[in-house]
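Shown next, in structure tokens, is the structure this report addresses.
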Amino acid sequence: DTGVSQDPRHKITKRGQNVTFRCDPISEHNRLYWYRQTLGQGPEFLTYFQNEAQLEKSRLLSDRFSAERPKGSFSTLEIQRTEQGDSAMYLCASSSRMRPSGEQETQYFGPGTRLLVL
Amino acid sequence: AQKITQTQPGMFVQEKEAVTLDCTYDTSDQSYGLFWYKQPSSGEMIFLIYQGSYDEQNATEGRYSLNFQKARKSANLVISASQLGDSAMYFCAMRGYHQFYFGTGTSLTVIP
């Protein structure tokens with residue numbers, strides 16, 4: 001297994017354009033997370049999938065953001081009508097439940113997609 | 001509400017010395033997990049170590065150990081015998097119900 005992969009690694013777009021990022025999790029992992037990270041900050045949670053179900057969305061996730069995981073495998077994150085404030089690193093992570101209570105759920109991150117909105 | 005606090009924006013350590021990176025957390029959950037991640041300049045988040053709230057012993061993974069003080073709600077990372085490759089950002093994180101909470105990170109620089 002090669003770990004979590006993300007595509008593209010870098011994206012430059014003009015304000016107002018739509019962008020879509022893809023994440024391929026570790027194959028046996030049923031949980032998938034999206035985060036946004038800006039310079040000097042830790043990752044901020046955006047959304048979470050268990051299999052194909054989107055179970056949690058952050059208030060940070062405005063109507064312009066949408067995420068899907070149609071078959072419970074790869075996931076896409078789309079940003080519509082991009083704004084300069086959307087410039088950030090977008091990280092994907094996957095995990096599987098280790099214990100019934102779930103506290104030992106270790107996330108493994110992909111390399112991220114760095115977005116720059118001009 | 002869950003919260004992770006890392007009060008050291010930057011730290012310096014001499015090569016081969018040990019260094020402690022501080023992390024405090026706030027949660028009302030009885031059961032939780034605490035994690036440390038390393039983020040080099042390349043950007044990828046690398047899992048280092050995990051501590052469960054019910055684990056009685058401090059976690060260790062090679063040169064990394066986690067000094068867990070439950071009553072003080074602290075989960076400090078200790079790196080022994082620092083190496084130049086340890087220079088990176090380090091993030092403390094806690095697992096919540098359906099998400100993970102991260103601190104703002106500590107930038108560690110190892111000096112030759």
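Where a number appears in this text, it was derived from the coordinates with a stated rule and is not lab data. Keep in mind that what you see is a predicted model, and the values were worked out from it rather than measured. Here the Cβ is made from the backbone with ideal geometry for all residues, glycine too, and neighbour counts use every protein chain on show.
Observations, loosely collected:
- Each Lys and Arg contributes +1 and each Asp and Glu -1, all at the Cβ; summed about the Cα centre of the stretch B:1-58, the dipole is approximately 160 debye.
- With a simple spin-label model that places each label point 7 Å from the Cα along the Cα-to-Cβ direction, the separation between B:ARG63 and A:ASN30 comes to 3.8 nm.
- Intensity falloff of the protein assembly as shown expressed as log10 I(q)/I(0), Debye formula with alpha-carbon point scatterers, at q = 0.07, 0.09, 0.11, 0.14 Å⁻¹: -0.22, -0.37, -0.56, -0.89
- Cα shape, chain B, gyration tensor, a/c 1.5 rule: prolate
- Integer Hz, Karplus 6.51/-1.76/1.60 couplings in order for the stretch B:101-108, x for Gly and Pro: 10, 10, x, 7, x, 10, 8, 9
- Cα-Cα separations in chain A greater than 20 Å, expressed as whole percent: 38 percent
- Taking Cβ atoms as reference points and 15 Å as the exclusive limit, the residues near A:LEU118 contribute a net charge of +3, counting Lys and Arg as +1 and Asp and Glu as -1.
- Take the Cβ atoms of B:ILE111 and A:THR20, set R0 to 45 Å, and the FRET efficiency comes out at 0.55.
- Computed FRET value (nearest 0.05) for B:GLU17 with B:LYS73, which takes r as the C-beta separation and R₀ as 22 Å: 0.25
- Charge dipole magnitude, Cβ of K and R +1, D and E -1 - chain A, Cα centre, debye nearest 20: 340 debye
- 10 Å Cβ neighbours from other chains, averaged over peptide A:40-50: 5
- Spatially proximal lysines relative to A:LYS57 (Cα-Cα < 23 Å; intrachain offsets below 8 disregarded): A:LYS71, B:LYS3
- When each of the peptides B:27-38, A:17-28 is scored by how many other beta carbons lie within 10 Å of its residues on average, the order from highest to lowest is B:27-38, A:17-28.
- Segment A:THR76-A:GLN41, length gained on full extension (0.36 nm per residue, minus Cα span): 10.3 nm
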